[in-house]
Amino acid sequence: MAMVLAATGLFLRLRLEHNLDHSINQDLQTRSNALVSLIRTGELRFGEAVRSALRSRGTSFAQVLSSDGRLFEPRAQEVGEPALSQPEVLQSQGRPTFIVRSGAPGLSGEPVRLLATPIDFERHRLIVVVGTSLAARDDALTSLTTLLLIGGPIALLLSSLAAYWTVGAALRPVEAIRLRATEISATESDQRLPVAPAQDELRRLGETLNAMLDRLEAALRRERAFVDDASHELRTPLALHKSELELALRYGESREELRAAIASAMEEADRLSQLAENLLVLARSDKGVLPVEPEPLQVSELFATVAGRLSDRAREADRPLEVDLPDGPDGLVVAADRLRTEQALTNLVENALRHGGGPVRLWARARAEAVELHVSDAGAGFPPDFLPHAFERFRRADAARGEGGAGLGLAIVDAVAQAHHGRAEARNEPNGGADVWIELARGAPD
């Protein structure tokens, strides 16, 4: 602001100086032209009109000099020395010349501006000199400079105060956001930042930060729910495991009873191991580091492997396990990680065997750039209000689809699909039963 004010003051002073100089030059030219006209229309001897024009009036004066610098017709002019020095006379011989100097006849000690105009009169070469004092001009410039030197700091102070108040008012919403942000913590995550009423950048910033806080609060709620549900799911098999070992220790009199107790404890240990593996998969998925190594895989091989792995369990449940192989000489190929894809399909088949009814069918559908791997059954299907939450962790539709399971199977299926940049979907068939599938990128045959 100081630089702006200084530049403005300098511009004003230079502008005023230019305007005053231009006005003085025009006045001198007008007076010179008038005097030249009077001389040329008169006689060799200056008449009364010329004599009157040569008389000094306040801060103005006029002279007529000969080509050698002396007064021409000195009796017709006021007594005084020639206004021009010899060098100035020589300088003015060719064309009209403006001269600034200190002092002139009748204006001793004052700065003056002279206009020397050469003319031919009769047989003489004359120099018409008109001049005026620059004291009024200099006084005006001095007054303006003084005003700027006094008013400039005052204007700087006022503008600084105004700028400070304006910036403070503009940043007041930022300070309110900062203060509220210091109050938000994990125990008070429902608080939000104040939003400015104006439709400006600060309002958009507040809305963006509040949206971020909403996402963080939702993530915090999911994390707390995940920890609570995981603790609950781990506590039950651990309690059963401990009870089996205590019973074996107290009442295991025969070898058969001890073997049965140990077998039951091993089943619970397997369940704990599987639950821990599932939790690890979901934790890695949350961090975006679930490792997958996509490779071209024949869908028919995937279905055959999963069906062979779960055939005994399907027979025990008296549930047919059907595989519909894709048509075509080479079949369908997906670009996927073998281990993770088999894990996802295994979870889908186990979920159908545990909660569904009727035959369990594995089948595939080709899309433009993807392949859908389906597992369907002929049971009661999902409750309608459960379908939007089917792939959430620890979600179970126990009321409609039986008991058992930790509610992590479909969540792992969704995590595997997302790791392959695909998706997982579920629906109820119109004629009954559930259909769950994952969509994976289509691969090129080997």
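Since every read-out is calculated from the coordinates, none of them should be taken as a lab result. Since we're looking at a predicted model, the values are computed, not measured. All Cβ positions, glycine included, derive from the backbone under ideal geometry; neighbour counts span all protein chains shown.
Here are a few things to note about the model shown:
- Between N431 and L205, the FRET efficiency estimated from the beta carbon spacing at R0 = 60 angstrom works out to 0.65.
- Projecting label points 7 angstrom from Cα along Cα→Cβ for S52 and M3 puts them 6.0 nm apart.
- Cα-based shape type of the range 119-164, given that a ≥ b ≥ c are square roots of the gyration tensor eigenvalues and the cut on a/c is 1.5: prolate
- The stretch between A260 and L220, if pulled fully straight at 0.36 nm per residue, gains 10.1 nm over its current Cα-Cα span.
- Computed from the Cβ-Cβ distance with R0 of 25 Å, the FRET efficiency linking L387 to Q191 stands at 0.15.
- Efficiency of FRET between A176 and D312 - r from beta-carbon atoms, R0 56 angstrom, step 0.05: 0.25
- Point-to-point label distance, T59-R365, nm (Cα→Cβ direction, 7 Å offset): 10.0 nm
- Cα gyration tensor shape of the range 165-214, rounded if a/c is under 1.5, else prolate or oblate by comparing a/b with b/c: oblate
- Taking 0.36 nm per residue of sequence separation and removing the Cα-Cα distance, the D21/E293 pair yields an extension gain of 89.3 nm.
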